[in-house]
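> Attaching a single structure in structure tokens format; questions to follow.
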Ligand SMILES: C[S@@+](CC[C@H](N)C(=O)[O-])C[C@H]1O[C@@H](n2cnc3c(N)ncnc32)[C@H](O)[C@@H]1O
């Protein structure tokens, strides 16, 4: 269960989800005809210790990410969502945006992976222990940021706009905001405050990309539990990390605040990439059928 002001590092609580998705990106990058290539994902996972290295090296017999049902579906979803946010950044840059804020950056390596113009500034916001782990792993891997990268250690449930402004953020410049893999870990009220802050800090021409997950029904939670029991995977534990409560729908919220919003279901996006959404396995289908991606532009 989550508590007010709870904290974590890269291998505990909510922080471990950043490692989990980085491992997913490492596996997705190795697939034949991959949708994504993220060389830094493997470096992050190896930096997390022997247990994680063994997973990458095929020395672990059971893990959700290598499970033929859940793992295959999850890796595909993760690759698709990575592509969506990569394309969002490319389009934002093409539109002239040079200020980017990655909310809950975790082990997102876009500052290092994508081609940024020389004058692009990328702010990466997350909890201090997560950013520390990331900085050390990147230094060990010899990574060179392609953008002017600025870390901002914050709790996104608190007054993060002040820390962002203190870090040099310029609210008069149009901004591209990314919220990938974040919203379920925020209470619904904190999500609304996050949207309000994005709205307040966004000059005309700003853009936001958001991933959102529909509230899990009791039946869906039961399905996860029974799948976790059968497979000995910790999927049910993930439910303990999220705030499974009614919350604002992102496209509607931004449209109501004078942004032009477009929502894409993840399954439709996977199809648009020429792949088949992971429907045959009920637990894998559970993941993608609940998730949608929203881009909104401030006129
Ligand atoms: C699933 S990971 C996603 C990371 C990254 N966006 C990605 O897609 O690879 C969730 C991230 O949200 C961060 N996070 C969740 N709640 C947060 C909060 N209240 N303040 C700061 N970071 C938070 C965690 O530390 C973690 O890095």
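> How many angstrom separate the Cα center of the stretch 164-200 from the Cα center of the stretch 95-116?
One Cα centre to the other: 14 Å.
> Using only the alpha-carbon atoms, how far is helix 15-30 inclined from the longest principal axis of the chain? Give it as 0 to 90 degrees, nearest 10.
Roughly 80 degrees, rounded to the nearest 10.
> Further question: Using a Gaussian network model on the chain with a 10 Å cutoff between Cα atoms, which of 149, 162, 247 fluctuates the most?
162
> For the chain, what is the mean residue ellipticity at 222 nm derived from helices alone (per DSSP H run of n ≥ 4: -39500 (n - 2.57); sum divided by total residues; nearest 500 deg cm²/dmol)?
Estimated from H runs of four or more residues: -14000 deg cm²/dmol.
> Between 0 and 90 degrees, rounded to the nearest ten: what's the tilt of helix 70-94 against the longest Cα principal axis of the chain?
Taking Cα atoms only, the helix is inclined about 10 degrees.
> Have a look at the DSSP beta bridges in the chain and tell me what percent are antiparallel, nearest 5.
Antiparallel bridges make up about 40 percent of those DSSP assigns within the chain.
> Nearest 0.05, what FRET efficiency do residue 272 and residue 200 give at R0 = 41 Å with Cβ-Cβ as r?
Working from the Cβ atoms, E equals 0.80.
> Kirkwood-based Rg over Rh for the chain (C-alpha set), two decimals?
0.93
> Suppose the chain between residue 132 and residue 219 were pulled fully straight at 0.36 nm per residue; how much longer would it get relative to their current alpha carbon spacing?
Result: 27.5 nm gained on full extension.
> So, one more: So what's the angle, to the nearest 10 degrees on a 0 to 90 scale, between helix 188-201 and the longest Cα principal axis of the chain?
Approximately 30 degrees, to the nearest 10.
> Stretch residue 59-residue 239 to full length: gain in nm at 0.36 nm per residue minus the Cα-Cα span?
62.1 nm
> Which of 261, 128, 94 moves most in a GNM of the chain, Cα contacts under 10 Å?
Among 261, 128, 94, the largest GNM mean-square fluctuation belongs to 94.
> Points 7 angstrom from Cα along the Cβ direction at residue 226 and residue 252: gap in nanometres?
Result: 3.1 nm between the two label points.
> Placing one identical point scatterer on every Cα of the stretch 1-118 and ignoring solvent, what is log10 I(q)/I(0) from the Debye formula at q = 0.16 Å⁻¹?
Normalising to I(0) and taking log10 leaves -0.83.
> Which residues among the stretch 147-162 fall inside the zone where the amide N is under 19 Å from a point 7 Å beyond the Cα of residue 4, along Cα→Cβ?
Correct set: 155-160.
> Calculate the spin-label point distance for residue 139 paired with residue 260, positioning each point 7 Å from the Cα along the beta-carbon direction, and give it in nanometres.
4.5 nm
> Could you list the residues of the stretch 116-134 with an amide nitrogen less than 15 Å from a label point located 7 Å from the Cα of residue 86 in the Cα-to-C-beta direction?
The answer is 116.
Read-outs throughout are calculated quantities, based only on the coordinates presented, and are distinct from any laboratory measurement. Keep in mind it's a predicted model, so treat the numbers as computed, not measured. Ideal geometry is used to build each Cβ from the backbone, glycine not excepted, and the neighbour counts take in all protein chains shown.
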